[in-house]
Amino acid sequence: MKKIITYGTFDLFHKGHYNMLKRAKEYGDYLVVGVTGENYDVGRGKLNVYDSLATRIENVQKTGFADEIIVEEYLGQKIGDIIKYDIDSFVIGDDWVGKFDHLSKYCNMVYLERTKGISSTQIREETFNQYDIGIVCDFVDDNQIVKEAKLVNGFEVKNVYSDDNRILDAFKEKYDVKNTFEDYDAMIESSDIIYVHCDINERFNYIYRALKAGKHVLYDPPISFSSEKLKKLIELSKQKNVIFMENNKMVHIYVFNQLLWMTQGGLIGDILSFNCSISKNDITRSNLFYDLSVVALLPMIKIMGENYEHFDFQVSKEGDNIEFASMNFVYGKGRAIINVGNNVRVDNQIEIIGTKGTIRMKDDWWRSKSFELHTPGSNDVQLFNTNFEGNGFKYLIREMSRMLSNNRVDSKSIFEEESLKIAEILEHIRKQRYNYD
Ligand code: CTP
């Protein structure tokens, strides 16, 4: 019996897929079809798959050509499959010519001509709502949103606004964004979503105007030094029924959700200590301290909660900029220390000590692919990891896309009270620094 294998995502099942399966089946007696699993697709950055795995399998099944359907769950699975299923020929479309030649050691490689004029990508482009993103910036940096937005169906950064012409020109050239605007209202008008990516002193104003115009807003937190202003914007976004979402990518990353599950589900026992450090060297960005603090405070608030009993801090500063701050939070059962350095080097890491285990996330933990679990009395270190590329923005945009298609404006990744608590902490630090109430 001649056994054949073929693989594909088979999203939005079309004639090209049907033809390929038909011809693959005709090539032998028994056809195994590998359908890509959701985690595998996400891991390799393919976030635009529309149909669920169950639907894609069902569509392959309905053709009647597959004798067996398997799920392709990880990179490098193909060699094991060829051996396991005793495959004679590997059949795939000629868009892959040459890419799988190394498999010819194991079986016969057959590249078949693709059906012309159709692909899942083309169907997706024709089917989905288009959301144009406009970005407000005061320096030539897109935070990778331009590239990452393209990976999610229907999203594209098309517009950019800056009150500085040189920044506009440089941004357009660097990121190849279609339209530049010197008039902010005109950009609001031409965009569905506004991403506010500028200095903290300017954020409130830009966000307010975009929300007022009924546009969805994505913003770098904190929005200002005032928690009252944040409340005002939350109110306005509710009134207008639009998404008002902060750019904190960590909460959208798989390992962070695994970590949350383990800490909140009691898997490392009672938490005795939460220690988190972050530092960057960027003297060109004013108020960087506040931007970094939000990133470090969010995991604390998520894991330890909002109800600490006591909070104090120490800052050392150089001129107008805070260079280093150590924040100390006392909770009922444990403690949290957050160290933030701006031009003061501290090793970036999160360490969570529980009665039944310790978790460590090292280096750039806010976009980490892994964390370690150490259990008392054992030398073994368990590694929890996942695979992702880029800086995580695409996961945040995908969350936004789900919210839009479900007509939901409140994000479940960061709750309102969590954002407000962080704003209050930073406001407190700011007030003490300038000695005003
Ligand atoms: N295929 C084909 N003809 C097409 C489209 C796909 O023969 N017009 C084949 C591919 O070469 C592959 C299989 O069908 O062997 C599964 O392809 P898949 O990547 O799932 O489909 P695409 O339409 O190419 O998807 P995308 O646009 O997302 O790349």
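Each residue of segment 41-57 is assigned a 3J(HN,Hα), and the resulting list reads 5, 4, x, 9, x, 8, 9, 8, 5, 8, 6, 6, 4, 4, 5, 5, 5 Hz, derived from the Karplus form 6.51 cos²θ - 1.76 cosθ + 1.60 (θ = phi - 60°), x at Gly and Pro.
Close amide H contacts of PHE155 (hydrogens built in the peptide plane, cut-off under 5 Å, sequence separation of 5 or more or a different chain): TYR131. Computed over protein heavy atoms with a 1.4 Å probe, the accessible surface of the chain works out to 48 Å² per residue.
Determine the distance separating the Cα centre of segment 227-268 from the Cα centre of segment 156-189; give it in Å without decimals. Using only Cα atoms, the two centres lie 28 Å from each other. The stretch between GLN432 and ASN307 holds 42.9 nm of extra length on full extension. This uses 0.36 nm per residue minus the Cα-Cα distance. Applying a DSSP loop filter and a limit of 14 other Cβ atoms within 10 Å to the trypsin sites (Lys or Arg not before Pro) in segment 391-437 leaves ARG408, LYS412. Shape class for segment 283-370: oblate, because the ratio a/c of the largest to smallest gyration tensor axis (alpha-carbon atoms, square roots of eigenvalues) is 1.5 or more and b/c is at least a/b. Given q = 0.12, 0.13, 0.14 Å⁻¹, what are the Debye log10 I(q)/I(0) values for the chain, with equal point scatterers placed on the Cα positions and solvent ignored? Each listed q corresponds, in turn, to -1.08, -1.18, -1.27. With both residues required to sit in the chain, DSSP beta bridges show an antiparallel share near 45%.
When only the Cβ of Lys, Arg, Asp and Glu is charged (+1, +1, -1, -1), the dipole of the chain relative to its Cα centre reaches about 760 debye. With a simple spin-label model that places each label point 7 Å from the Cα along the Cα-to-Cβ direction, the separation between SER104 and ILE337 comes to 6.1 nm. Think of segment 352-409 as having a plus end and a minus end, set by charges on the Cβ of Lys, Arg, Asp and Glu; of PHE388, GLY357, VAL409, VAL409 sits farthest toward the positive end of this dipole. Taking 0.36 nm per residue of sequence separation and removing the Cα-Cα distance, the TYR50/GLU424 pair yields an extension gain of 130.7 nm. The C-alpha atoms of the chain define a longest principal axis, and helix 393-405 lies at about 80 degrees to it.
The GluC sites (Glu not before Pro) of segment 388-437 that DSSP puts in a loop, and whose beta carbon has at most 16 other beta carbons within 10 Å, are GLU389. Computed in the context of the full set of protein chains, the accessible area of the chain at 1.4 Å probe radius has 45% of its extent on carbon or sulfur.
The values are calculated or read from the model by the stated rules, or taken from the named source; none is laboratory data. Because the structure is predicted, anything quoted here is derived from the model rather than measured. Note: ideal-geometry Cβ built from the backbone for every residue, glycine included; neighbour counts use all protein chains shown. Remember, those area values only see protein heavy atoms, side chains included, never the ligands or the DNA or RNA. Shrake-Rupley method; radii C 1.70, N 1.55, O 1.52, S 1.80 Å.
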